[in-house]
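J.: The structure is given below, and queries will be raised subsequently.
The values are calculated or read from the model by the stated rules, or taken from the named source; none is laboratory data. Keep in mind the model is a prediction, meaning the values are calculated, not measured. Note that we place each Cβ from the backbone using ideal geometry, even for glycine, and neighbour counts take in every protein chain shown. We work out accessible area using only protein heavy atoms, side chains counted, and drop any ligands, DNA or RNA first. Shrake-Rupley method; radii C 1.70, N 1.55, O 1.52, S 1.80 Å.
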Amino acid sequence: MTHKTASFVRNELIPESPPPVSETGAVKWMRENLFSSPLNIIMTIASLWAVYTLFNSVAPWFLNGVWSGNSVRDCYEILDGATGACFAVLKERWPQLIYGFKYPPSEFWRPNFAAVLLCVAIAPVLFSTVSKKLFLFTVVYPFLAFWLIWGGTILGPIVAFAGCAVAVLASRRLESYGFALAALCGFVCALVCWIFGGYLVDIGKDFLVLPSVPSRDMGGFMLNLILGTVCVSLSIPLGIMLALGRQSDMPIIKWICVCFIEFIRGVPLITLLFVANVVLAYFFPPDTNIDLILRVIIMITLFSAAYIAEVIRGGLAALPSGQFEAANSLGLNYAQAMRLIILPQALKVSIPGIVNVAVGLFKDTTLVSIISMFDLVGMIRGPILSSTAWNGVYWELFAFAALLFFVVCYGISQYSQWLERQLETDHR
Amino acid sequence: MTEQVHLEISDEIAIQIQNMNKWFGSFHVLRDIDLTVNRGERIVVCGPSGSGKSTLIRCINALEEHQKGQIIVDGIELTSDLKNIDKIRSEVGMCFQHFNLFPHLSILENCTLAPIWVRNTPKKEAEEVAMHFLEKVKIPEQADKYPGQLSGGQQQRVAIARSLCMKPRIMLFDEPTSALDPEMIKEVLDTMIELAEEGMTMICVTHEMGFARQVANRVIFMDQGQIVEQNAPEPFFNDPQNPRTQLFLSQILGH
Ligand SMILES: Nc1ncnc2c1ncn2[C@@H]1O[C@H](COP(=O)(O)OP(=O)(O)O)[C@@H](O)[C@H]1O
Ligand SMILES: [Mg+2]
């Protein structure tokens, strides 16, 4: 048989057509995903059964929940033998769960107000559509929030802010003479500013005073939120610096960063917190009384910064070297190339990792309950559960704690996924 | 073939390289390079892979540091002084084999970034300049897209426009067409030819010999880190002197 090659010329292109109409919708989905094989059918039925039993035991407990009463005995009375949760504890101890047991109730508006302002302050950081002018408020916010939550004269935060502002201005001026020099000069300027500002604060003790609340009176979920927000926002920049330092050409900087990162990663956070609680005091001059919250913030920040640095290092390594070369060949200097070209891309790649660390960090703030700080978990384990009124109401309290943390962490996770989609510009 | 580009070449020296040597560790990549480029010259550099072509042109804008000898660009000697390096880099444009556009920025932002941050051009003015050059490379309608949405040829033209936005006096090209599909090579070469016709000083590493014949006023052949032969395109292609040049040309023109 001879094979004959027929010559063929197409004169018209075949027009586009829709895919073949097949069954669509819920029935098809169920058949494909739930009942596609005998094993699958068994698994589906087993899962349905598990969901049903779980629901069956939790639903009455939840729905029968008692919301009023002043002790666990009141709950038992009202329930009268039926299963049901004793949510009354949440209602009665609400202020303690949220603010801790020593924060003066007359001042609750202050942390509340700070929380509302926090939403305003992080809006421009989280959403690029928000007016850039709001960044000014973001810069001022930490000092304002400190004043609101801790109280005292407003001069303190103002001096602190002035010191930072002076440092930034000074280092901007000197940026062209080299990065290290600029940073050093900025630091010195800030120090000078703070020392002189200190005298000013001593003089103006009574200027715009809010009743001051000492750190040991902070507690509840507020404490978790304070630690979480402060530590996350400090550890990201610190982590970036560590990651860049680790890639530095200067051996000293490189080795400092490597040693720091490796050391921190090799030590459990709880150890660092004990160090913060007990040991750190020995390193400071005897008469300086460094605030416990500050010490804890330093430790948690250092801890998560090391992890974030490693995440970002991964992001930096994923960038082709051509990006840096292109930036250089256009005349951008190191700082500009980093800020405009390298970091935006490296950070974008690192978002899942950074969020992972941030969520972990936020949950780890509950560890401070072990060094006798009364955060949400500390409050529950300590004052509330050990009180005679609410002895034994574990489930309700810890479920509530879990819920609060879940809401925040799930929110962070959803935001990060949204952000990733938002930044999806490379169409790879 | 299209007509050859003929242009006046001035006596002014744009780049002067004297006795330049470079090592990667102990590997002697560039050996005793001497090269003087006058303003308006269009030089094509060719040679086998690994012969140091990329390294040579990367030394000219200090992406690589040379260890011995002198490189003077636009009257400024390249030393390790960062001020000089930044100055030279903003006078010398460079296009890479893999375009190296910034994927997180739109085409327009790619073009305006350097003028805004390095030259302190107001944003609006920078955008006008960018649009002007994007029109010149014939893709103004893509200004708001991202690099990932463009074809290779379009990306390389954007890369050229991005360099031009800095108003460089010298352009360096490192195999600008070798990562492109054949059908896109022409559009990039056309852009480069246009640039040459306007009198831009260019050093171009390429194996597009048609382009070399049409545009170059001098072709340089490198092998093992040395300049082995240099000549005007006609004699270079028709009558190569060095046996290594002959071998190389027979290999790339042979089929
Ligand atoms: N960063 C580097 N470190 C070490 N060796 C390098 C580096 N870059 C290039 N080389 C080597 O230098 C030689 C010349 O490279 P290159 O200039 O890229 O050649 P060409 O562009 O002519 O192909 C090659 O042998 C290459 O392996
Ligand atoms: Mg090369």
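J.: Residues B:Gln154, B:Gln142, B:Gln214, B:Gln226: which one is more than 26 Å from A:Tyr334 (Cβ to Cβ) and within 16 Å of ligand 1 (Cβ to nearest atom)?
T.: B:Gln226
J.: Here's a check for you: in segment A:124-168, which residue that is buried (at least 16 other Cβ atoms within 10 Å of the Cβ) and among the small types (Gly, Ala, Ser) is farthest from A:Leu225 (Cα to Cα)?
T.: Top of the filtered list is A:Ala167.
J.: Here's something else I'd like to know. May I ask you to verify whether A:Ala335 is crowded, with 20+ Cβ neighbours inside 10 Å, aliphatic (A, V, I, L, M), more than 7 Å from chain B (Cβ to nearest Cβ) and over 24 Å from the mean Cα position of the chain (by Cα)?
T.: Numbers: crowded, with 20+ Cβ neighbours inside 10 Å: no; aliphatic (A, V, I, L, M): yes; more than 7 Å from chain B (Cβ to nearest Cβ): yes; over 24 Å from the mean Cα position of the chain (by Cα): yes.
For A:Ala335, the condition - crowded, with 20+ Cβ neighbours inside 10 Å, aliphatic (A, V, I, L, M), more than 7 Å from chain B (Cβ to nearest Cβ) and over 24 Å from the mean Cα position of the chain (by Cα) - is not met.
J.: Is at least one residue of segment B:41-52 away from ligand 2 (no atom under 16 Å from the Cβ), polar (S, T, N, Q) and buried (at least 18 other Cβ atoms within 10 Å of the Cβ)?
T.: No, there is no match, as no residue in segment B:41-52 is away from ligand 2 (no atom under 16 Å from the Cβ), polar (S, T, N, Q) and buried (at least 18 other Cβ atoms within 10 Å of the Cβ).
J.: Right, something else. From the set of residues in segment B:77-86 that are in a helix (DSSP H, G or I) and either more than 8 Å from every other protein chain (Cβ to nearest Cβ) or of a type in the set (Ser, Thr, Tyr) (or both), which is nearest to B:Asp174 (Cα to Cα)?
T.: B:Ile85
J.: Continuing with this model, one more query. Can you tell me how many residues within segment A:211-233 are open to solvent by 40 Å² or more (accessible area, probe 1.4 Å), in a helix (DSSP H, G or I) and touching a Lys or Arg at 6+ places or on another chain (Cβ under 9 Å)?
T.: Result for segment A:211-233: 1.
J.: Please work out which residue is farthest from ligand 2 (Cβ to nearest atom), limiting yourself to segment B:12-28 and to residues that are surrounded by 21 or more Cβ atoms within 10 Å (Cβ to Cβ) and farther than 25 Å from B:Ala196 by Cα.
T.: B:Met20
J.: Return only the number of the condition from (1) more than 7 Å from ligand 1 (Cβ to nearest atom); (2) within 14 Å of another protein chain (Cβ to nearest Cβ) that B:Thr55 does not satisfy.
T.: Status for B:Thr55: all satisfied but (1).
J.: Can you confirm whether segment B:115-138 contains a residue that is in contact (Cβ under 8 Å) with a residue 40 or more places away in the chain, within 13 Å of chain A (Cβ to nearest Cβ) and aliphatic (A, V, I, L, M)?
T.: Yes - at least one qualifying residue is present in segment B:115-138.
J.: Taking the options A:Val168, A:Val130, A:Val188, name whichever one is touching a helix residue (DSSP H, G or I) at 6+ places or on another chain (Cβ under 9 Å) and under 19 Å from A:Pro237 (Cα atoms).
T.: Exactly one of A:Val168, A:Val130, A:Val188 is touching a helix residue (DSSP H, G or I) at 6+ places or on another chain (Cβ under 9 Å) and under 19 Å from A:Pro237 (Cα atoms), namely A:Val168.
J.: Just give me the residues in segment B:59-73 being open to solvent by less than 40 Å² (accessible area, probe 1.4 Å), away from every other protein chain (no Cβ under 12 Å) and either farther than 18 Å from B:Asn19 by Cα or assigned to a loop (DSSP other than H, G, I, E, B) (or both), in sequence order.
T.: Listed by number, the list holds a single entry, B:His66.
J.: Could you grab me the full set of residues in segment B:88-102 that are facing chain A (nearest Cβ under 8 Å), away from ligand 2 (no atom under 14 Å from the Cβ) and within 17 Å of B:Lys167 (Cα to Cα)?
T.: B:Arg89, B:Ser90, B:Val92, B:Gly93
J.: Sticking with this one: Kindly indicate the residue of segment B:199-225 that is assigned to a strand (DSSP E or B) and within 16 Å of ligand 2 (Cβ to nearest atom) and also farthest from the chain's Cα centre (by Cα) among those meeting that condition.
T.: Let us first name the residues in segment B:199-225 that are assigned to a strand (DSSP E or B), namely B:201-205, B:218-223.
Next, only the ones that are within 16 Å of ligand 2 (Cβ to nearest atom) stay: B:203-205, B:220-223.
Values: B:Ile203: 5, B:Cys204: 4, B:Val205: 7, B:Ile220: 14, B:Phe221: 15, B:Met222: 16, B:Asp223: 19 Å.
Among them, the one singled out is B:Asp223.
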